Amino acid sequence: MDWTDWPAKRIPSRAALASVIIALSVLCLTSIHMLYGVLGALILLSSASSVLFPTRYQLNEAGVSITNPLRVIRCPWTRFHRWRKVDGGVCFIARSRVSWLSKRRSVFLPMTDYEPLQAYLTEHVDLPLEANTP
């Protein structure tokens, strides 16, 4: 199961604002030193890549894969112990004894149609839906 999401296409104002902030930051850093400008651009683009660039989401036997031009994230199914529906998508909750670490390791996937996901998880993965999910 895979799909592509591009928030810059859905919400161009947010992408434009992020681009302006990145450009101004890089300009300021470049005025100090060229190396700072290059490093700043790489760090800021990497952190905003999920908004600025198309992102491909994949669910397969191995786990969850999130890919865009600047970042690849792969999480095995053993990392998660349940999932829940949230506004605008689903969240796979990570296993952890420490709550803040669980939140940090959890993964959000934007989607609007939950039925194919629920069918896929029921058929391929033993990952229950959280009980208090709408």
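The values are calculated or read from the model by the stated rules, or taken from the named source; none is laboratory data. Values in this document were obtained by computation on a predicted structure and should not be read as measured data. A quick note on method: Cβ atoms are made from the backbone with ideal geometry, for glycine too, and the neighbour counts reach across all protein chains shown.
Summary table
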{"quantity": "Matching residues in region 112-127 - criterion: being touching a helix residue (DSSP H, G or I) at 6+ places or on another chain (Cβ under 9 Å) and either surrounded by fewer than 13 Cβ atoms within 10 Å (Cβ to Cβ) or aromatic (Phe, Trp, Tyr) (or both)", "calculated": "Asp126"}
{"quantity": "Selection within region 69-80 - more than 18 Å from Ser106 (Cα to Cα) and either loosely packed, with under 13 Cβ neighbours inside 10 Å or out of contact with any helix residue (DSSP H, G or I) (no Cβ under 6 Å at 6 or more places or on another chain) (or both)", "calculated": "Pro69"}
{"quantity": "Subset of region 76-97 (residues that are assigned to a loop (DSSP other than H, G, I, E, B), more than 14 Å from Pro128 (Cβ to Cβ) and in contact with a Phe, Trp or Tyr (Cβ under 9 Å, 6 or more places away or on another chain))", "calculated": "Gly88"}
{"quantity": "3 or more residues surrounded by 14 or more Cβ atoms within 10 Å (Cβ to Cβ) and not polar (S, T, N, Q): qualifying helices (runs of 4 or more DSSP H) within region 1-68", "calculated": "12-32, 34-47"}
{"quantity": "Some residue of region 28-41 being under 30 Å from Leu117 (Cβ atoms) and among the polar types (S, T, N, Q)", "calculated": "no"}
{"quantity": "Contacts under 6 angstrom Cβ, first residue in region 18-31 being farther than 17 Å from Ala48 by Cα, partner part of a helix (DSSP H, G or I) and not β-branched (Val, Ile, Thr), 6 or more apart", "calculated": "Leu29/Tyr36; Leu29/Gly37; Leu29/Gly40; Thr30/Gly37"}
{"quantity": "Checklist (1) at pLDDT below 85; (2) within 23 Å of Pro7 (Cβ to Cβ) applied to Ser99, failing item", "calculated": "(2)"}
